[in-house]
1. Treating only the Cβ of Lys, Arg, Asp and Glu as charged (+1, +1, -1, -1), what charge dipole size does the chain show about its Cα centre? Round to the nearest 20 debye.
2. Once the mean 1/r over all distinct Cα pairs of the stretch 1-132 is inverted, what Kirkwood radius in angstroms do you read off?
3. Which percent of Cα pairs goes in each bin when the distances of the stretch 423-465 are cut into 10 angstrom slices starting at zero?
4. How do the peptides 310-319, 106-115, 151-160 rank, highest first, by the average count of neighbouring beta carbon atoms within 10 Å per residue?
5. Counting only protein chains, not ligands or nucleic acids, how are Glu358, Glu426, Glu345 ordered by accessible area (probe 1.4 Å), most first?
6. With every protein chain left in place, what is the accessible area per residue of the chain in square angstrom, probe 1.4 Å?
7. Given a 1.4 Å probe and every protein chain left where it sits, what share in percent of the accessible area of the chain is carbon and sulfur?
8. Taking only DSSP H segments of four or more residues, each worth -39500 (n - 2.57), what value at 222 nm results for the chain once the sum is divided by all its residues, to the nearest 500 deg cm²/dmol?
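The values are calculated or read from the model by the stated rules, or taken from the named source; none is laboratory data. As the structure is a computational prediction, the values presented were derived from the model and not from experiment. Cβ placement follows ideal geometry from the backbone for every residue including glycine, while neighbour counts extend to all protein chains displayed. Calculation scope for accessible area: heavy atoms of the full protein, side chains included, ligands and nucleic acids excluded. Shrake-Rupley method; radii C 1.70, N 1.55, O 1.52, S 1.80 Å.
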Amino acid sequence: MTKDGTIQPPYFNIDPDQAMLDLEAPVNTKGFASIAEACSRGRDDLASRGMNESGHKKLRLFSTWEITRYLIPLATPHFRRVLRSNPDLPQGSSETDGGAKWFTLDEVLKLRAHFAAEGSKSKEYVPYRPKGLPAKIVAVANFKGGVGKTSTAAHLAMSAALDGYKVLVIDLDSQGSMTSIFGGKVEDEWGTVFPLLARHYATHQRQANQSRMDRGEAPVPLDETLTEALKIKAQDVIQSTHWPNIDLIGAQLNLYWSEFQIPVWRMQGRGWKLWDALTDVLEADGVLDDYDIVFLDTPPALGYLTINGLAASDILLVPLGASFLEFDSTGRFFDMLHSTFQSIEDGENMAARALGREELNFEWDAVRTVITRYDGAQQGELGSLMQAYLGKTLSPHRQDFTALIGQAGEQVNGIYEADYRDFNRETYARGRQTFDETYAAFKRLLLGSWRRDEIDAQEMTHGET
Ligand SMILES: Nc1ncnc2c1ncn2[C@@H]1O[C@H](COP(=O)(O)OP(=O)(O)OP(=O)(O)O)[C@@H](O)[C@H]1O
Ligand SMILES: [Mg+2]
């Protein structure tokens, strides 16, 4: 403060000698290791607070109120009556005699199956998925960091699971945020998608070797990694989570190695279609039959893993905040997507045309940008402007900034894992509603694209007969 009482800005009058005394010794490379170590200890401490005795995350219980309000379309008295007359069904547990009944998600799923089998056919107890058609793959991506990719993907995975779908989440980001959210344990790159991509390449190389031998040329031997990868199936890297109907292929720092390895493979095996790798492997291992929806969380970069994820996806969601910088950079992201996929198509189709083969044309069922962390009081104008320019490409629902998400972070992740009793009911209902609406907007795309496939498939069979 100066003599006349005005407060000076904090950057005036810093004494260089005092500043020097406050400073620690210069940081060397080892310094990074000790910072990393401190973070890792703190992280384990935080993570352990959301875990039970066995070191695994545990999902909260669901009350009768929540089940009949949000999960199974039933009137509460009817729900209670059905439980009373079916003692074999899960009865839930209560904390006090005659208190409210709480159920595990596993029990909720059993109840849902019961109502689907026995209940009114006019009600939607089990969500729509056309028979015989593969799971839909959904990528959540944006070049820009911190826009809500992981939060959106995690919340969608959880709401789809609560809605009764069987979900697989694949973490393609070596930061492993999604893996932490689902309590995944990954030792090294062999517990990630890496060996699956390696297997796809190895399979290609094996076929290329066969052709070499047929031409009387020497085969190119597969190295140890590739030989090992040939033995690995998707099921070997899929782990279960604390959600009974969400499984995970996790990520860990070593996954980043793929960004260096994949271009080397591309150089060695020019005919390898890396963009098909993920889809081919998931299809070959039956994953697309075992699950209803596969969510891919991607890193904030347009590297090889992201390209793989984007190429594999049927639905692409691009989260962004309603701010000038995020809008601007998202525009550039689409520009990059255009040039990347265009150059892959051009490269492939030159050869395809020469050989009279079918051309490669990437196609997505739907591409939507989604406004996240929206603050209606501040961002209304920008939101409307973005809506005007992006039209249908912008999802109509803006996902509100929800303080509950940040608060929940330490022990549980996001609104669906939080116990509503910890919050004011009004606050909870509002927070939940914005994510329920994000899910509803996504579910429209999902059902619409499945239905389109179903009708196409029916027309194909009718066309044949
Ligand atoms: N709707 C929301 N309300 C409040 N906070 C949010 C919301 N969505 C995301 N956040 C917060 O914003 C931050 C960034 O979100 P998130 O990690 O999902 O972004 P990301 O795009 O996956 O980041 P990265 O590029 O690093 O992978 C997180 O702290 C998250 O808790
Ligand atoms: Mg993320």
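1. Values: 48 positive and 65 negative charges, 252 e Å.
Dipole size: approximately 1220 debye.
2. Numbers: mean 1/r = 0.0472 Å⁻¹.
One decimal place: 21.2 Å for the Kirkwood radius.
3. Calculated over all Cα pairs of the stretch 423-465, the distribution is 25, 25, 20, 15, 10, 4, 0 percent.
4. Details: 310-319: 23.2, 106-115: 18.7, 151-160: 25.6.
Taking the mean over residues of other Cβ atoms within 10 Å, the ranking is 151-160, 310-319, 106-115.
5. On the way: Glu358 170, Glu426 120, Glu345 30 Å².
Solvent-accessible surface, decreasing: Glu358, Glu426, Glu345.
6. On the way: 24840 Å² over 465 residues.
Each residue of the chain exposes 53 Å² on average to a 1.4 Å probe.
7. On the way: 13280 of 24840 Å².
Answer for the chain: carbon and sulfur cover 53 percent of the accessible area.
8. Details: 17 runs with 226 residues, N = 465.
Rounded to the nearest 500, the figure is -15500 deg cm²/dmol.
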